[in-house]
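Asks: Supplied in structure tokens, the structure appears directly below.
The values are calculated or read from the model by the stated rules, or taken from the named source; none is laboratory data. If you're wondering where the values come from, they're calculated on a predicted model, not measured in any experiment. Positions of Cβ are generated from backbone atoms using ideal geometry, with glycine treated the same way; all protein chains shown enter the neighbour counts. With ligands, DNA and RNA removed, areas are computed over all heavy atoms of the protein, side chains included. Shrake-Rupley method; radii C 1.70, N 1.55, O 1.52, S 1.80 Å.
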Amino acid sequence: MSGIVGVIDLRGKPVDGRLLQSMTLQMTQRGPDGQQIWSQGHVGLGHAMLHTSIDTPATAQPCSLDGRTWITADARVDCREELIAALGAGCEKLGRNPSDVELLLAAYRKWGSDCVQHLQGDFSFAIWDGIRQQLFCARDHFGIKPFYYCRAADCVIFGNTLDSLKLHPQVSSSLDEQAVADFLLFGFSIHPRISVFQDIQKLPAGHTLTLGANASLRCRKYWNLPVEQVRRFKQADACIEEYSTIFHQAVNDRLRTDRVGILMSGGLDSTSIAAVARKCLADQYDQFDLRAFTFVYEWLIADQEAVFSQQAAETIGIPVHQLNLDAYGPCDVFGAAHGLRSLLESSFTTPADSAGATASRYSCRVGICGHGGDELFHPGFTDLKGWLQTNRLAVLALEAFKYWRKHRRMPAIGLRTAVRKALGKNHRTRQPIYPPWLHHDFERRLNLKQQWQAYHSRPHPAETPRSAAVDGLNHPLWHNMFESYDPGITGIPVELRYPFLDLRLISFCLQLPAIPWCVDKLLLRRAGRDMLPDTVQLRPKTPLTGFPDYEHLLRRTDAEMTNTFLPDEFEAFIDMQRYRKIAGQPQKLRPGEHTLITHPLRLARWLQYLEPGDSKNTGRLSWQILKKSRTEKKPIIPPACASMETSTV
């Protein structure tokens, strides 16, 4: 994940070369293979290279094919052969094996801003079109690569690293109150456009950003998750074969090097990826290094991932490193903070840091993981209703009996959950508790109760053949997670990739009827029958058996949780008397309610790291920043804006 940055002076004055150089050098840790800048008059671009592929040449960036159109990009392009064929004559001068960034430039030269309709992969990039005097930026379909921008008084600043953007003197450190509220309420951002800083916005996933000659910014959505028509196969083997072909392509496109690490649990998703990755690497390289990293608990909670991941690794034929998480408490996520950690992504960061640092020691710059498999193969109650409309109940009963006879348990198709929910007895979907410690003024100013109710009572998606999967893949948690794994947050030059979020694979799987192919991930099990041990093949979906943060809270003293991390100034957001009462008695909470204690702790801890050089800061500097935030009101952009086709910023 290379670092990208750019500045455009709206007054037409030359870009400050020293400042641009500083902003680029700040990204050295994420892009250690070379840092370069390019500037021409009022436009400047910077790039910090992280070279992850040995199959294609590393093109120095910022890059141009004609000296008039320049690009700085963090990109990995899928379906390269298809894209090269579509480019036709526009690709002839690039040679036999063009780099990904050269393909992006060729695509823009041929299709202009519509180039994103022809791209697949993970990317965020900025192109300066000197002919049109236009800036064009884009972020990939799922937002795997971050992109931030700031419209300041005299300039537009953009890039993929918050630390870098904050070096510009026109970017303030004022926090965005809505971002703070999101974290306290939900633990992640539900607004796809806001960042933790008032001046910096996010370009949402599947969007482009254009700065025209009139100095107006236009944000446009170019992609929605497809709603596919149901496709039925007469022969099960034909379905499995086609799926396997696409799955192999999705994994192989995310390798492109002979040193790869994989985040592998003992479950079906990540072990299937590991088995296919092992085969792909063996077909391409005489020597390669594929190794797995598994997060385990030994004493904090009951956990069997170590056993199953070891069995899978032995069958696949790869080494596995088991990374113990027992010692990571709810606030230890900041123990190895690098520069500016993003508040809204902090909850995800520690495991990624641990695996990334270990992978980096083995010279792995590419990591792959199984995120997305649960959502892609999730059968919901809507899927069951659709199946019953086209099939007889007797057939369903017969298939359920066959499943029970083989597995000694009923298939997970959402029926029992729907019944429990109708009876009001579904403890698994009990609505979380609204935080009772929010300060009244803060709560009233942002209408937090209404936001809470709106989020937890949001309507279910329209009933489509795979509405449960579509809903899961559209969840706002995704963009928070992707940004948390970015080297701009972790400070570790390892790029994480997600085969289950391949557009070809998603399109194929969303066409399949959930019953039978998604029940207990039948398709995935059938496709990997000869690659994994029976213990993993037959293992049911197994979530964590406990709540590690809750267990840590039970082991901490009252003083540790209420006094160490919470400065007095925190009362602007939290009623400290109410909070201390809850934090002092964690045993009275249900395990899943531990966030009533941990969210404020993490926020306060993060504020202490807002200025990394001030180790004695106990919140006073952060309070000054927050105080400014509260005096500057700005309109709240609701999640619904993500569906707008075009908006002017």
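Table: residues versus (1) within 17 Å of Tyr434 (Cβ to Cβ); (2) part of a helix (DSSP H, G or I); (3) at pLDDT 60 or above; (4) not β-branched (Val, Ile, Thr).
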| position | (1), (2), (3), (4) |
| --- | --- |
| Leu566 | no, no, no, yes |
| Lys581 | yes, yes, yes, yes |
| Gln587 | no, yes, yes, yes |
| Gly592 | yes, yes, yes, yes |
| Thr598 | yes, yes, yes, no |
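Asks: If Met1 satisfies all but one of (1) open to solvent by less than 10 Å² (accessible area, probe 1.4 Å); (2) closer than 18 Å to Ile127 by Cβ, what's the number of the condition it fails?
Replies: Only one criterion in (1) open to solvent by less than 10 Å² (accessible area, probe 1.4 Å); (2) closer than 18 Å to Ile127 by Cβ is unmet by Met1, namely (2).
Asks: Separate question: State which residue pairs qualify: first residue open to solvent by 40 Å² or more (accessible area, probe 1.4 Å) and inside segment 295-316, second residue β-branched (Val, Ile, Thr) and part of a helix (DSSP H, G or I) in any location, beta carbons under 9 Å apart, and separation of 6 or more residues or different chains.
Replies: Hits for this filter: Val307/Thr535; Gln311/Thr535; Gln311/Val536; Thr315/Thr271; Thr315/Val536.
Asks: While we're on this one: Against the definition (acidic (Asp, Glu) and crowded, with 19+ Cβ neighbours inside 10 Å), how does Asp549 come out, yes or no?
Replies: yes
Asks: Just name the residue that is nearest to Ile515 (Cα to Cα) out of those in segment 456-475 that are crowded, with 17+ Cβ neighbours inside 10 Å and modelled with pLDDT of 80 or more.
Replies: Filtering segment 456-475 for residues that are crowded, with 17+ Cβ neighbours inside 10 Å and modelled with pLDDT of 80 or more, the one nearest to Ile515 (Cα to Cα) comes out as Arg466.
Asks: OK, next. If I ask for residues that are open to solvent by less than 90 Å² (accessible area, probe 1.4 Å), modelled with pLDDT under 90 and not hydrophobic (A, V, I, L, M, F, W, C), which ones from segment 219-236 would you list?
Replies: Selection gives Pro226, Glu228, Arg231.
Asks: Could you list all residues from segment 310-341 that are under 30 Å from Ser173 (Cα atoms) and either at pLDDT 50 or above or assigned to a strand (DSSP E or B) (or both)?
Replies: Tyr328, Gly329, Pro330, Cys331, Asp332
Asks: Check Pro493 against each of (1) assigned to a helix (DSSP H, G or I); (2) closer than 30 Å to Asp33 by Cβ and name the one condition it does not meet.
Replies: Failed condition: (1).
Asks: Pick out the one residue from Gly212, Gly206 that is among the small types (Gly, Ala, Ser) and within 24 Å of Asp502 (Cα to Cα). Before the answer, list the steps.
Replies: Numbers: Gly212 fails: within 24 Å of Asp502 (Cα to Cα).
Matching residue, one of Gly212, Gly206: Gly206.
Asks: Would you point out which residue out of Ser173, Ser216, Ser195, Ser124 is modelled with pLDDT of 95 or more and either touching a Lys or Arg at 6+ places or on another chain (Cβ under 7 Å) or open to solvent by 30 Å² or more (accessible area, probe 1.4 Å) (or both)?
Replies: None of the other options fit; the residue is Ser124.
Asks: Hey, another quick one. With part of a helix (DSSP H, G or I) and modelled with pLDDT of 85 or more as the only criterion, which of Asp549, Asp530 stands out?
Replies: Working: Asp530 fails: part of a helix (DSSP H, G or I).
The unique qualifying residue is Asp549.
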